[in-house]
Amino acid sequence: MPELPEVETTRRGIADAVIGRTITAVSIRERRLRWRVAPGFEAQLVGQRVISVARRAKYLLIGLERGTVLVHLGMSGSLRVLPAAAAVKPHDHVDLQLSSGHVVRYNDPRRFGSFHYVTGAAEEHQLLASLGPEPLHDEFDALHLRRLARGRRIAVKQFIMDSHVVVGVGNIYASEALFRAGVRPGRAAGRLSGAQVAGIVAAIKAVLSEAILQGGTTLRDYVNTDGLPGYFRQKLFVYERAGEPCRNCGTAIRSRVQGQRATYWCPECQT
DNA sequence: ATGGGCACCTGGCTGC
DNA sequence: TGCAGCCAGGTGCCCA
């Protein structure tokens, strides 16, 4: 489910509710997430005040007084801020009880998400240490992408979804960015022109920024911290639109499986 | 190093 | 109606 815009929307949604509050209790109903939640996780959090809520790639970093909680939403995870007494629903796996009387509740049907508690510099944690640049930061530019693409035969769509190249570009926004850049997803990354690389960088930044403004994309499960969907779906040009007319030229959108993921493109607008 | 494929898991939809 | 099969916003790991 969540790509960078959905995670960023979640970050903004929980920030005001948690910053300055103390975690008074942690309850875990299901420890078997992508990785089993470590024994002692609850005890390490309880009593600590929340200092910050940041994001790195698709990870949320909940900064506490003595450490950081690393949360990943996987494919189907979401965090909501609810009154402490709110009824528990299926797949509500983790609760962070706050001194405000609210609870940050993690729901994840597929259990591909994760929770870690990290002491010391969170960015040095194994899961974060080798990640590429943030797509919306200045260090992600045409020069960077061109340098990494040199000699690579991998399809450009899989290339921009590689977290060593740039983080946060998932299956929806990879197709959408390549449509905007006018580049076919199967093109070899190393054979793109400088102008195409620059166009892809600009398109990634634009599509992610716009999606954040719309609160992300809801296809199936995703909801923000208030339980509401994201509205970017209406702005999608190609994703899950196979056979439908291109919004630009009317040609039927095509799809195929690439790297075990569905890919969508317009055969007329993308070369 | 690079690229490809698998695994983890549940739920919703399709078609027989 | 029932059920098998397929598909889904991610990503770490193993293999050639």
Listed residues A:Val18, A:Ser78, A:Thr119: farthest to the positive end of the dipole of the stretch A:4-124 (Cβ charges): A:Ser78
Fraction of alpha-carbon pairs over 13 Å apart in the stretch A:155-212 - percent: 54
Where chymotrypsin sites (Phe, Trp or Tyr not before Pro) in DSSP loops with at most 16 other Cβ within 10 Å are excluded, longest remaining stretch of chain A: A:113-271
Size of charge dipole - chain A - debye, nearest 20, with Cβ of Lys, Arg +1 and Asp, Glu -1, no other charges: 860
D_trans [Stokes-Einstein, Kirkwood Rh over alpha-carbon pairs] for the stretch A:4-124, 25 °C, 0.890 mPa s, µm² s⁻¹: 174
Principal-axis tilt of helix A:4-18 within chain A, Cα atoms, nearest 10 degrees: 20
Coil-residue trypsin sites (Lys or Arg not before Pro) of the stretch A:167-271, DSSP, other Cβ within 10 Å capped at 13: A:Arg220
Paired Rg and Dmax values of the stretch A:1-75, which use every Cα atom, in angstrom: 12.5, 32
Efficiency of FRET from Cβ geometry, A:Ser99 and A:Gln260, R₀ 41 Å, rounded to 0.05: 0.40
Rounded to the nearest 20 debye, dipole of the stretch A:4-124 from Cβ charges on Lys, Arg, Asp, Glu: 280
Relative contact order (percent, whole number), chain A, Cα cutoff 8 Å, 6+ residue spacing: 18
Pairs of alpha carbons in the stretch A:142-265 whose separation is greater than 20 Å (percent): 43
Pairwise centroid distance, computed over Cα atoms, of the stretch A:10-86 with the stretch A:213-247, Å: 26
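Any read-out appearing in this document is the output of simple, stated calculations on the displayed coordinates, not a laboratory observation. Source: prediction; values computed, not measured. Using ideal geometry, Cβ is built from the backbone for each residue, glycine included, and neighbour counts are taken over all protein chains shown.
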